[in-house]
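Single-structure report; data block below.
The values are calculated or read from the model by the stated rules, or taken from the named source; none is laboratory data. Predicted model only: the values in this text are computed from it and were never measured. Cβ placement follows ideal geometry from the backbone for every residue including glycine, while neighbour counts extend to all protein chains displayed.
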Amino acid sequence: MIQFGVWAPSQETFWNTWIDAGICSAPNEFKPPYAGCIETTCSVWDGIVVKEGIAVPGWHCNVRISGALADQFTAGLPSCDSDGNLLSVWNRTHAASAFSLTLQQYDPVTGFPAGMRSASGVTYADVNDFSSPANQWT
């Protein structure tokens, strides 16, 4: 299973990025081979993070990928280092190259951890690099 967090300037930007990448045909409507292999927390929370009573800028969700799609994205790559520790999602998947993601530093304004970023400004972080009270799956 592959899990990561997402920060986007808006929910619309997130979905448009995934539509443009060919992952979805519309919000929450995944195209093959993504259909049935991707789950998001979009249906269980509104994507708004509140810290100290103030909404953090942008929109958030958590994503997990399983099945044949996860196998495809991890094919030929090690999942653990020589000590048996799970590698970063960026080191054990082909996601960064498949979607032309670039490195993104920690964002002090939103508190979103370092990870990868799409050209549209949607940022992705390894699930092990943040704590999310909304990381619940139905």
Exactly one of these conditions fails for Thr40: (1) of a type in the set (Val, Ile, Thr); (2) at pLDDT 95 or above; (3) surrounded by 17 or more Cβ atoms within 10 Å (Cβ to Cβ). Give me its number. (2)
So in segment 45-66, with the set limited to residues that are aliphatic (A, V, I, L, M) and under 16 Å from the mean Cα position of the chain (by Cα), which one is farthest from Asn28 (Cα to Cα)? Val49
Going through segment 70-80 one residue at a time, which ones are within 15 Å of Asn128 (Cα to Cα) and part of a loop (DSSP other than H, G, I, E, B)? Ser79
Can you tell me which residues in segment 89-100 are buried (at least 17 other Cβ atoms within 10 Å of the Cβ), touching a helix residue (DSSP H, G or I) at 6+ places or on another chain (Cβ under 8 Å) and either at pLDDT 95 or above or in a loop (DSSP other than H, G, I, E, B) (or both)? Val89, Trp90, Arg92, Thr93
Residue pairs meeting the criteria (Cβ under 9 Å; at least 6 apart or on separate chains; first assigned to a helix (DSSP H, G or I), in segment 50-69; second surrounded by 14 or more Cβ atoms within 10 Å (Cβ to Cβ)): Gly67/Cys37; Ala68/Cys37; Leu69/Ile2; Leu69/Tyr34; Leu69/Cys37; Leu69/Ile38
Among the residues of segment 101-113, is there at least one that is part of a loop (DSSP other than H, G, I, E, B), hydrophobic (A, V, I, L, M, F, W, C), surrounded by 11 or more Cβ atoms within 10 Å (Cβ to Cβ) and under 15 Å from the mean Cα position of the chain (by Cα)? yes
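Residue-wise test of (1) within 22 Å of Val122 (Cβ to Cβ); (2) surrounded by fewer than 17 Cβ atoms within 10 Å (Cβ to Cβ).
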{"residue": "Val44", "(1), (2)": "yes, yes"}
{"residue": "Val56", "(1), (2)": "yes, no"}
{"residue": "Val63", "(1), (2)": "yes, no"}
{"residue": "Ala75", "(1), (2)": "no, yes"}
{"residue": "Asp83", "(1), (2)": "no, yes"}
{"residue": "Leu87", "(1), (2)": "no, yes"}
Which pairs do you get when a residue that is part of a helix (DSSP H, G or I), found in segment 16-38, comes within reach of a residue that is among the aliphatic types (A, V, I, L, M) and at pLDDT 95 or above, reach meaning Cβ atoms under 6 angstrom, with the pair 6+ apart or on two chains? Thr17/Val122
Of the numbered conditions (1) over 15 Å from Ala96 (Cα atoms); (2) at pLDDT 95 or above, Ile65 fails exactly one; give the number of that condition. (1)
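Residues are listed down the side, and each one gets a yes or a no for (1) among the aliphatic types (A, V, I, L, M); (2) more than 17 Å from Ala8 (Cα to Cα); (3) without any contact (Cβ under 8 Å) to a residue 24 or more places away in the chain:
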position	(1), (2), (3)
Gly76	no, yes, yes
Ser79	no, yes, yes
Gly84	no, yes, yes
His94	no, yes, yes
Ala98	yes, yes, no
Thr102	no, no, yes
Thr110	no, no, no
Ala119	yes, no, yes
Can you find, within segment 8-37, the residue that is surrounded by the fewest Cβ atoms within 10 Å (Cβ to Cβ) among those that are within 16 Å of Tyr124 (Cα to Cα) and in contact with a Cys (Cβ under 9 Å, 6 or more places away or on another chain)? Gln11
